[in-house]
Amino acid sequence: MSRLVVVSNRVGSTREAASTGGLAVALIEALRDSGGLWFGFSGKTARSGTRKPEVVAEDGFTLATLNLPVDEFQGYYSGYANGCLWPICHFRPDLIQFERTHFDAYRQVNRRFAQALAPLLRPDDLIWVHDYHLIPLAHELRALGVRQRIGFFLHIPFPPPDLLDALPEHEALLHWMLDYDLVGFQTQHDRLQFQHCIAHNGGWISDHTVEAHGQSVQAGAYPIGIDARQFHALSTSPAGAREFRRMRDALHGRAQIIGVDRLDYSKGLLRRVHAVEALFDRHPHTRSRVEFLQIAPLSRHQLKAYDDFRHALESAAAQVNGRFAQFDWTPVRYLNRPLPRRTLAGLYRASRIGLVTPLRDGMNLVAKEFVAAQDPEDPGVLVLSRFAGAATQLDAALLVNPYDCGEVADALETALSMPRAQRRDRHARMMSVLVEQDAAKWRADFLRDLRGARATRSGKRRAR
Ligand code: ADQ
């Protein structure tokens, strides 16, 4: 059996995985199965960085982490990955802060990763690279003579050609993706966008293969899942049940709408607050009977777009409270802290509605966690943006256009008055999708296809 090597910007330890769950748990299980290696940034910056990674044994696998020079890290992470790639992939070219030095740092960090990783590789390793921070990594590894199979999974949406064109380096980015053997996307739509971009730039597409510059790569859709059964069990565990009771006691019989997101402009939080305001305006009987709890830990707050967004959100929430609050009712409550997963599980279960309205989202695991945490006999309702990848799987949710606050408000009212039989039916349909297409399946499908994929490159084109 090949050893699995996972590469991502940040690595997860077993301890962190227990609290952050999701992706880290899914990957750690796969790493343990093959005595694998997880390689990434240590989270520590130093004046000049380190060439050799720190290697430590974890529980059943190995962690290798690299310190980065502070300037390079800023340019790579805040400057290019989150200042250019993230806004483009989330349809916000207006927020791009382009500087040539950031792109140079992005390349340089990928080169450092490759140089530090290559000596640790074994001939039959299977290498799985994660996300937009590391698009050039296969190219850099190939330049060092690495011939093992390398797969790439993009966790965020892939933009259409006209948007990608706004990045001055779009051709290089596409070219680098051809150095992988398999590139994976969250949805078929994202895969098709990638193929359109390749065709738009003079390449060939046929079924699941794309070719350009004498190289070819396989492209597929692998919707990421959660461990739905385990998350459900967390919501009914003694700790989850305690948080559930605490929340229900605090609600005094009112229905709760819950939102849980990193504080990010792509998550649609500002329009969400306006949609809650529209609920109270359009459906006055809901006033004093419904509360909206938004949990939004700060992220990337060193970037101006995030700071500006936070202020706009705080002022919108304060405005709604100013308009509607009573001395014994606060319509909008807003927390900036991350919470332990057992608390989240209990809070989801105590809520009547999960409100998940990103303007664009690769998948959105919160939507899946909300469904998994519900009581199947008396479940809450998911109101979900049609622009989240999760909408392709969870079509039994109330699907909404997150730009239309009136439509979202009406969906909230529908959810509040939905009969139990319909809630149960919708929940059962969504839960069966989550159990069938869980994190283990996502991982197994991707790795199966990576094992079977072999790209052709550099003039060794397959006969057509
Ligand atoms: P994110 O943009 O981070 O992920 P999401 O998929 O919703 O978005 O995952 C967020 C995770 O963080 C969830 O597991 C959630 O429980 C957790 N979380 C959020 N707020 C929290 C809080 N206050 N306390 C504790 N935990 C919290 C990116 C892409 C997504 C894609 C994922 C996985 O943007 O589209 O679904 O990767 O591929």
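Residue count for region 254-272 satisfying the condition of being free of Cβ contacts under 8 Å to residues at least 60 places away in the same chain and within 7 Å of the ligand (Cβ to nearest atom): 2. Among the residues examined, Ala396 does not qualify as in a helix (DSSP H, G or I) and away from the ligand (no atom under 16 Å from the Cβ).
Taken over region 138-172, the criterion of being more than 16 Å from Arg360 (Cβ to Cβ), within 20 Å of the chain's Cα centre (by Cα) and among the hydrophobic types (A, V, I, L, M, F, W, C) is satisfied by Phe152, Phe153.
Which of the residues that make up region 349-399 are touching a Cys at 6+ places or on another chain (Cβ under 9 Å) and open to solvent by 10 Å² or more (accessible area, probe 1.4 Å)? Give the steps one after another, and end with the answer.
Pass one, region 349-399, residues touching a Cys at 6+ places or on another chain (Cβ under 9 Å): 360, 362.
The answer is Arg360, and nothing else.
Would you please name the residue that is farthest from the ligand (Cβ to nearest atom), looking only at residues in region 118-144 that are among the small types (Gly, Ala, Ser) and open to solvent by 10 Å² or more (accessible area, probe 1.4 Å)? Don't jump to the end; show me each part of the working.
Step one: of region 118-144, the residues among the small types (Gly, Ala, Ser) are 118, 138, 143.
Still in the list and also open to solvent by 10 Å² or more (accessible area, probe 1.4 Å): 118, 143.
Numbers: Ala118: 27, Ala143: 28 Å.
If we take residues in region 118-144 being among the small types (Gly, Ala, Ser) and open to solvent by 10 Å² or more (accessible area, probe 1.4 Å), then Ala143 is farthest from the ligand (Cβ to nearest atom).
Applying the criterion of being of a type in the set (A, V, I, L, M) and open to solvent by less than 10 Å² (accessible area, probe 1.4 Å) to the residues of region 175-198, the residue that is nearest to Ala81 (Cα to Cα) is Met177.
Out of the residues in region 314-359 that are within 9 Å of the ligand (Cβ to nearest atom) and in a loop (DSSP other than H, G, I, E, B), which is modelled with the highest pLDDT? Among those residues, the one meeting the criterion is Pro358.
Note on region 407-429: residues that are aliphatic (A, V, I, L, M), over 28 Å from the mean Cα position of the chain (by Cα) and over 18 Å from Ala350 (Cα atoms) amount to 1.
Of all residues in region 222-245, count the ones that are away from the ligand (no atom under 12 Å from the Cβ), within 30 Å of His189 (Cα to Cα) and open to solvent by 50 Å² or more (accessible area, probe 1.4 Å).
Filtering region 222-245 for residues away from the ligand (no atom under 12 Å from the Cβ) gives 228-230, 232-233, 235-245.
Applying the additional criterion that residues be within 30 Å of His189 (Cα to Cα) yields 228-230, 232.
Remaining after also requiring open to solvent by 50 Å² or more (accessible area, probe 1.4 Å): 229-230.
Number satisfying all stated conditions: 2.
Look through Gln148, Gln97, Gln115 and report the one residue that is modelled with pLDDT under 95 and surrounded by fewer than 20 Cβ atoms within 10 Å (Cβ to Cβ).
That would be Gln97, the only listed residue that is modelled with pLDDT under 95 and surrounded by fewer than 20 Cβ atoms within 10 Å (Cβ to Cβ).
Looking at Val371, Val408, just one residue is within 16 Å of the ligand (Cβ to nearest atom), part of a helix (DSSP H, G or I), touching a residue at least 24 places away in the same chain (Cβ under 8 Å) and in the same structural domain as Phe244 (by TED's automatic domain parsing), and that residue is Val371.
As for region 436-449, it holds no residue that is within 18 Å of Ala275 (Cβ to Cβ) and among the aromatic types (Phe, Trp, Tyr).
Taken over region 248-300, the residue count meeting the criterion of being open to solvent by less than 20 Å² (accessible area, probe 1.4 Å), charged (D, E, K, R) and farther than 10 Å from Pro331 by Cα is 3.
Selection within region 415-464: residues that are modelled with pLDDT under 95 and either aromatic (Phe, Trp, Tyr) or on the phi > 0 side of the Ramachandran plot (or both). The member of this set that is least open to solvent (accessible area, probe 1.4 Å) is Gly459.
Is it the case, given these coordinates, that Asn364 is within 16 Å of the ligand (Cβ to nearest atom) and within 22 Å of Ala296 (Cα to Cα)? Let's see the steps before the verdict.
On the way: within 16 Å of the ligand (Cβ to nearest atom): yes; within 22 Å of Ala296 (Cα to Cα): yes.
Answer is yes for this residue.
When Lys44, Lys52 are screened for being under 24 Å from the mean Cα position of the chain (by Cα), over 22 Å from His155 (Cα atoms) and modelled with pLDDT under 95, only Lys44 passes.
Where helices (runs of 4 or more DSSP H) fall entirely within region 1-111, those with at least 2 residues that are within 30 Å of Arg229 (Cα to Cα) and assigned by TED's automatic domain parsing to the domain that holds Leu137 are at 14-20, 22-33.
The values are calculated or read from the model by the stated rules, or taken from the named source; none is laboratory data. Note that the structure is predicted; figures quoted are calculated from it, not measured. Backbone-built Cβ (ideal geometry, glycine too); neighbour counts: all protein chains shown. These accessible areas exclude ligands, DNA and RNA; they are computed on the full protein's heavy atoms, side chains included. Shrake-Rupley method; radii C 1.70, N 1.55, O 1.52, S 1.80 Å.
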